Amino acid sequence: MSLIVEPDDGIGPVVSAIQKAKTSIDIGIFRLDRGDIAKALRSAAARGVRVRTLIAHTNRGGSGRLRKLEQDLLKTGASVRRTDDDLRRYHNKMMIVDRTTLFVLGFNYTALDVDKSRSFGVVTKKRGLVQGALKLFEADSLRRPYTPGLKAFVVSPVNARARLAAFLKGARKQLLVYDPKLTDTVMIRILQERMSAGVSVRIMGRLGKRGVGLKAEKFPGKRLHVRAIIRDGLQAFVGSQGLRQLELDGRREVGLIVADRKIVARMAAVFEADWALTELAKRDVKDAKKDEKTEARVDAQVEAQVEADAKVEAKVEAKTEARVEAEAKAGAKAEAKVDAQVAAQVQADAKAEAKVEAKVEAKVKAKVKADAKAEAKVDAQVEAQVHADAKAEARAEAKIESKAAARTKADAKADAKVDAQVEAQVQADAKAHAKAEAKAEAQASG
């Protein structure tokens, strides 16, 4: 998307687009007196580009001028159609090249509009906008009804009033308006409401009588032929319809609402440059200079008062500092005295504490000594008891051992006796057995 600013950029961007066309050019023409446009259209038709033109059914110059425009276009090899007569005028200025690039212009193809007037034009390749423009071109060429599409494509009298009213109402900080004749009462009321809400509103052009309170200035250049609005430095409207009833409700007009930052910034810069040349702006500059002088004088008075106040403050600060220093010295002496008293008290407390600790330590040592003696006495008694118990235990053990020895001895004698008896029985049994065997043998042998 790009912006054309007239008279700065001239007709070059339009001629260049026609010269580069490959397949088709669809162009609405209200006025044409530039030979370079006619030559470019003739050249395009000669190289096989389909050139379709759409002209108004009537214009201010009458049927003779309209017929001449028609004949001149036919000579270029273009097809020419007239619009319907259902509207007061078909005043839109747009061109579609190769069905991909849309030009929406605020100026006619005339030397006056291009070379000596302030105007704008927008060039875009956005598919939705291009398709919307083609749809409108076909409808107007065939004299059929048109149904609007994208909100950014503003068409009078179909949706222009609603779209531009909403656009103005959406302003929060600033509205910069180019309009040769702003007279629509509803639009003026909206601008007044926005101004009451704190929005800065400035109008370049003529303002209707009901625009009380609005700031409007005559264009300082040769001629104003643009309808444009810059909103909050973020969005802008460029088209052929202004804010007056006929252009909103009674004629075919076309415009675009754009949000391209570069385009909006350039339009705002152009407006500010134009505004700076208006009588109101010049008065503002003079008033500003007067205000600067007054402000400088007030600043000097304030500065002198500040210097005087600074001197008084310096004196007060010096007195305060001296008093603070004296109080600090007195405080230091008092603090030193208190520190000395505290140190003496600390020493006295230390000595008293040392005496108490010595007494306690002596008592502890005496107690320890007495406890040691008592413990030694108890240990001696325990030792003596242990020796006595050991002796008694030894005597008991000796007695037990003696009894055990005697018992063992008696048991040994009894065992020996039993062994002897067993041996004697064994021998007797052996003898008896031998006798029996001998008897048996004797019987066996007999």
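The values are calculated or read from the model by the stated rules, or taken from the named source; none is laboratory data. Remember, predicted model here, so these are calculated numbers, not experimental data. Glycine gets a Cβ as well: all are built from the backbone with ideal geometry, and neighbour counts include every protein chain shown.
If you check A46 against the conditions, is it more than 21 Å from V104 (Cβ to Cβ) and of a type in the set (A, V, I, L, M, F, W, C)? When the stated conditions are applied, A46 passes them. Take the conditions within 43 Å of the chain's Cα centre (by Cα), surrounded by 10 or more Cβ atoms within 10 Å (Cβ to Cβ) and modelled with pLDDT of 95 or more and apply them to R283. Does it pass? In short, no. Note on the stretch 141-164: among residues that are part of a helix (DSSP H, G or I) and touching a Lys or Arg at 6+ places or on another chain (Cβ under 8 Å), the one that is farthest from Q241 (Cα to Cα) is S141. Pairs are defined by a Cβ separation below 8 Å, a sequence spacing of at least 6 or placement on different chains, a first member in the stretch 53-82 that is under 22 Å from I18 (Cβ atoms), and a second member that is exposed (fewer than 12 other Cβ atoms within 10 Å of the Cβ) and at pLDDT 90 or above; the pairs so defined are G77/A46. Set side by side, the residues G35, G61 differ, and just one is under 16 Å from V114 (Cα atoms), at pLDDT below 95, surrounded by fewer than 18 Cβ atoms within 10 Å (Cβ to Cβ) and not hydroxyl-bearing (S, T, Y), which is G35.
Within this structure, T53 passes the test of being of a type in the set (S, T, Y) and either part of a strand (DSSP E or B) or surrounded by 20 or more Cβ atoms within 10 Å (Cβ to Cβ) (or both). Inclusion of R118 among residues that are at pLDDT 95 or above, surrounded by fewer than 19 Cβ atoms within 10 Å (Cβ to Cβ) and farther than 19 Å from D249 by Cα is not warranted.
Of all residues in the stretch 250-270, those satisfying the criterion of being surrounded by 19 or more Cβ atoms within 10 Å (Cβ to Cβ) and out of contact with any helix residue (DSSP H, G or I) (no Cβ under 9 Å at 6 or more places or on another chain) are R251, I263, V264, M267, V270. Among the conditions (1) closer than 16 Å to G106 by Cβ; (2) in contact (Cβ under 8 Å) with a residue 40 or more places away in the chain; (3) crowded, with 19+ Cβ neighbours inside 10 Å; (4) of a type outside the set (F, W, Y), the only one that Q235 does not satisfy is (1).
Would you confirm whether or not the stretch 133-140 contains a residue that is crowded, with 19+ Cβ neighbours inside 10 Å, in a strand (DSSP E or B) and not hydroxyl-bearing (S, T, Y)?
no
Can you find a residue that is within 44 Å of the chain's Cα centre (by Cα), part of a strand (DSSP E or B) and modelled with pLDDT of 95 or more anywhere in the stretch 17-26? Checking the stretch 17-26: not a single residue is within 44 Å of the chain's Cα centre (by Cα), part of a strand (DSSP E or B) and modelled with pLDDT of 95 or more. Of all the residues in the stretch 224-247, those that are in contact with a Leu (Cβ under 7 Å, 6 or more places away or on another chain) and part of a loop (DSSP other than H, G, I, E, B) number 4.
Restricting attention to the stretch 117-140, the residues that are without any contact (Cβ under 8 Å) to a residue 40 or more places away in the chain and either out of contact with any Lys or Arg (no Cβ under 9 Å at 6 or more places or on another chain) or within 22 Å of V264 (Cβ to Cβ) (or both) total 6. Keeping to the stretch 141-158, report how many residues are among the small types (G, A, S) and either surrounded by fewer than 16 Cβ atoms within 10 Å (Cβ to Cβ) or closer than 20 Å to R52 by Cβ (or both). Selection size over the stretch 141-158: 1. Considering the conditions (1) in contact with a Leu (Cβ under 9 Å, 6 or more places away or on another chain); (2) surrounded by 17 or more Cβ atoms within 10 Å (Cβ to Cβ); (3) assigned to a loop (DSSP other than H, G, I, E, B), F107 is excluded by exactly one of them, (1).
Would you say G198 is part of a loop (DSSP other than H, G, I, E, B), surrounded by fewer than 17 Cβ atoms within 10 Å (Cβ to Cβ) and of a type outside the set (V, I, T)? So G198 passes the test. Close Cβ contacts (under 8 Å, 6 or more residues apart or on different chains) running from residues in the stretch 4-22 that are over 16 Å from G221 (Cα atoms) to residues that are in a loop (DSSP other than H, G, I, E, B) and β-branched (V, I, T) comprise A21/V49; K22/V49.
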